[in-house]
Amino acid sequence: MKFGVVVFPGSNCDQDCLDVLRDVLGQPAVPLWHQETSLKGCDAVVLPGGFSYGDYLRTGAIARFSPIMRSVARLAKDGGLVLGVCNGFQILLEAGLLPGAMLRNTGLRFICRFVTLRVERADTPFTNRFQPGQVIRLPIAHNEGRYTADAKTLKAIRDHVVFRYCDEDGRVTDAANPNGSAGALAGLTNERGNVLGMMPHPERASDSALGSSDGRLVFESMLEAMVHA
């Protein structure tokens, strides 16, 4: 299986994702420059974290128009796996591959720390290596991570929320919600289940030396899903 990691001007987690895919999973993985249109035969694509185009206008607003995004949209339409992490999640929202939008964190401050999440669904291509209700530990690093949507959309996506912010006992509380995200949403798939956006960084928690290896299961789940597709 071959993975591609899109690189935008301002991406800063692309190499981290490539390292996990190559060195941890042992899979072929290539960078995909934002001005390209070819996915180079990749079976799955990752949109990494960072500050694409300097976050001018708003996060992901310019990146959505990159030539590579048309190819990413086609891959998603054809059933290929697309993972957007942090800025990648923001880009997926701007591109219309996921519903909703992002606002500045409730405290109007950049947050960079570990958080705990509850796995809401373990039956997706991105979470099949987890257990339902499992509490995991991943880092976040964002200024605009407060997910929002209208009431109709929030009702429609209820069954597609994959991760929620929670406390160490798995309880979803206001205190455990670091950015004020609606419904404590931390990760969301599309209706088909082959596109995932998540604000926490699994690539930064894929080795115990980094403080957690829980994030590795996201990538292992993707590989598992592709192998058995």
- Message: Considering only residues that are in contact (Cβ under 8 Å) with a residue 12 or more places away in the chain, surrounded by fewer than 24 Cβ atoms within 10 Å (Cβ to Cβ) and of a type in the set (A, V, I, L, M), which ones fall in the stretch 46-81?
- Response: Ala61, Ile68, Met69, Ala73, Leu75, Ala76
- Which condition number does Thr124 fail, the rest of (1) under 15 Å from the mean Cα position of the chain (by Cα); (2) free of Cβ contacts under 8 Å to residues at least 24 places away in the same chain being met? (2)
- Across (1) over 21 Å from Gly79 (Cα atoms); (2) within 15 Å of the chain's Cα centre (by Cα); (3) β-branched (Val, Ile, Thr), Val24 clears everything bar (2)
- Message: Quick check on the stretch 173-229: of everything there that is assigned to a strand (DSSP E or B) and of a type in the set (S, T, N, Q), which residue is surrounded by the most Cβ atoms within 10 Å (Cβ to Cβ)?
- Response: Thr189
- Item | Arg137 being charged (D, E, K, R), surrounded by fewer than 22 Cβ atoms within 10 Å (Cβ to Cβ) and within 23 Å of Arg171 (Cβ to Cβ) | yes
- Considering each residue of the stretch 158-187, count those that are in contact with a strand residue (DSSP E or B) (Cβ under 6 Å, 6 or more places away or on another chain) and at negative phi, and give that number. 18
- Query: What do you reckon, is Asp214 in contact (Cβ under 8 Å) with a residue 12 or more places away in the chain, among the charged types (D, E, K, R) and over 30 Å from Cys42 (Cα atoms)?
  - Reply: no
- So how many residues does the stretch 190-199 have that are closer than 13 Å to Phe126 by Cβ and either of a type in the set (A, V, I, L, M, F, W, C) or touching a Phe, Trp or Tyr at 6+ places or on another chain (Cβ under 7 Å) (or both)? 4
- Item | Phe89 vs. criteria outside any loop (DSSP other than H, G, I, E, B), under 16 Å from Met222 (Cβ atoms) and among the aromatic types (Phe, Trp, Tyr) | yes
- Query: Which of the residues that make up the stretch 31-52 are in a loop (DSSP other than H, G, I, E, B) and on the phi < 0 side of the Ramachandran plot?
  - Reply: His34, Gln35, Glu36, Thr37, Ser38, Leu39, Cys42, Asp43, Pro48, Gly49, Phe51
- Task: Give the stretch 53-86 a look and list any residue that's assigned to a helix (DSSP H, G or I), closer than 22 Å to Pro125 by Cβ and hydrophobic (A, V, I, L, M, F, W, C), or say none.
- Result: Ile68, Met69, Val72, Ala73, Leu75, Ala76
- Task: Return the residue satisfying two criteria in turn: it lies in the stretch 44-88 and is under 12 Å from the mean Cα position of the chain (by Cα) and aliphatic (A, V, I, L, M), and of such residues it is farthest from Ala29 (Cα to Cα).
- Result: Val85
- Picked from the stretch 1-23 (must be at pLDDT 95 or above and surrounded by fewer than 19 Cβ atoms within 10 Å (Cβ to Cβ)), the residue nearest to Val227 (Cα to Cα) is Lys2
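The values are calculated or read from the model by the stated rules, or taken from the named source; none is laboratory data. Being a predicted model, the structure only gives us computed values, none of them experimental. Quick reminder, even Gly has a Cβ in these numbers, built from the backbone with ideal geometry, and neighbours come from all protein chains shown.
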